[in-house]
Amino acid sequence: MEAEFWGTALIVVILVIICVIGVRSYIKKLAHGCCGGGDGGVKRIRPADRDAAHYPYVHTLGVDGMTCKNCAARVENAFNRRDGFWASVNLKKAAIVVRSKQPVTEEELEAIVLHTGYTVRSIEAK
């Protein structure tokens, strides 16, 4: 009987901890937006070369998890801070157009997006 009590108590403690973590996460989202970007937002990085003719390789990536302009800026910045890339996000379509000066594999593109915390659902080369 005592072992049953401690088993139940342990489960209750674990559930309380999960609830506390969930409430803290929800409060953070209410205070700072969906991804914790804050009021100031994420500063966008623009590539120095914005001439589309200089980027012969174009991919459109469907990305899950982007819900606000801070999310979009994070994903764009992940590409734009790299030499030879120019990216722009369309939040309504949950997609990002990535232009590159050199050939790039789908695995490389996916790894960059995954590193920012989002998921690639599709990749289309143009």
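One table, with the values for the structure above:
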{"quantity": "Gaussian network model of the chain, springs between alpha carbon atoms under 10 Å - residue of Ile14, Ile96, Ile45 with greatest fluctuation", "calculated": "Ile14"}
{"quantity": "Helix 106-115 axis, angle to the chain major axis (alpha carbon atoms, nearest 10°)", "calculated": "50 degrees"}
{"quantity": "Order by protection proxy (mean Cβ within 10 Å, highest first), peptides 70-79, 1-10", "calculated": "70-79, 1-10"}
{"quantity": "Built amide H within the under 5 Å cut-off of Ala95, gap 5+", "calculated": "Val63, Asn90"}
{"quantity": "Nearest-ten-degree value, helix 69-80 long axis tilted from longest Cα axis of the chain", "calculated": "50 degrees"}
{"quantity": "Lysine pair count for the stretch 63-126 [Cα-Cα under 24 Å; pairs on different chains or 8 or more apart]", "calculated": "5"}
{"quantity": "Surface accessible to a 1.4 Å probe, Ile11 within the full protein complex, Å²", "calculated": "100 Å²"}
{"quantity": "Sequence of Cys68, Cys19 when ordered by accessible area, the most exposed leading, probe 1.4 angstrom", "calculated": "Cys19, Cys68"}
{"quantity": "MRE, 222 nm, helices only [DSSP H, n ≥ 4, -39500 (n - 2.57), over the chain, to nearest 500]", "calculated": "-14000 deg cm²/dmol"}
{"quantity": "Cα centre as origin, Lys/Arg/Asp/Glu Cβ charges: the stretch 71-124 dipole, Debye", "calculated": "300 debye"}
{"quantity": "Qualifying aspartates and glutamates (Cα of each under 12 Å from Cα of Lys43; at least 8 residues distant if same chain)", "calculated": "Glu76"}
{"quantity": "Extension gain (nm, one decimal) between Val23 and Phe5, 0.36 nm per residue minus Cα-Cα", "calculated": "3.8 nm"}
{"quantity": "Degrees, to the nearest 10: 2-32 long Cα axis against longest axis of the chain", "calculated": "40 degrees"}
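The values are calculated or read from the model by the stated rules, or taken from the named source; none is laboratory data. This structure is a prediction, so every number in the text was calculated from the model and none was measured. In this analysis, Cβ positions are derived from the backbone assuming ideal geometry, glycine residues included, and neighbour counts consider all displayed protein chains. Accessible surface areas use protein heavy atoms only, side chains included; no ligands, DNA or RNA. Shrake-Rupley method; radii C 1.70, N 1.55, O 1.52, S 1.80 Å.
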